[in-house]
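One structure below.
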């Protein structure tokens, strides 16, 4: 399977965390993201379900809806 480079917007903390990972861990995270995007695109999991899961985990980590809303609403 071939790969392509895409650009996604993330907050500064997420970018810093990603950039601080080892090359191997970055590739693992990219593979995980690729799988999740494919699941959404193929209808295996709805985008709303993925967003709800992310919101729940973010809340457990102390991120508030006010912090997340601008990130999720960005176009």
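Taking the helices alone, the chain has a mean residue ellipticity at 222 nm of -21500 deg cm²/dmol, built from -39,500 (n - 2.57) per DSSP H run of at least 4 residues and averaged over all its residues. If you compute semi-axes √(5λ) of the Cα gyration tensor in Å for the structure shown, which of (1) 21, 18, 12; (2) 24, 18, 10; (3) 35, 16, 10 do you land on? Calculated semi-axes √(5λ) of the Cα gyration tensor in Å: the matching label is (1).
We did not get these values from a lab; they are worked out from the coordinates using the rules stated. The shown structure was predicted, so the numbers you read here are calculated from the model rather than taken from an experiment.
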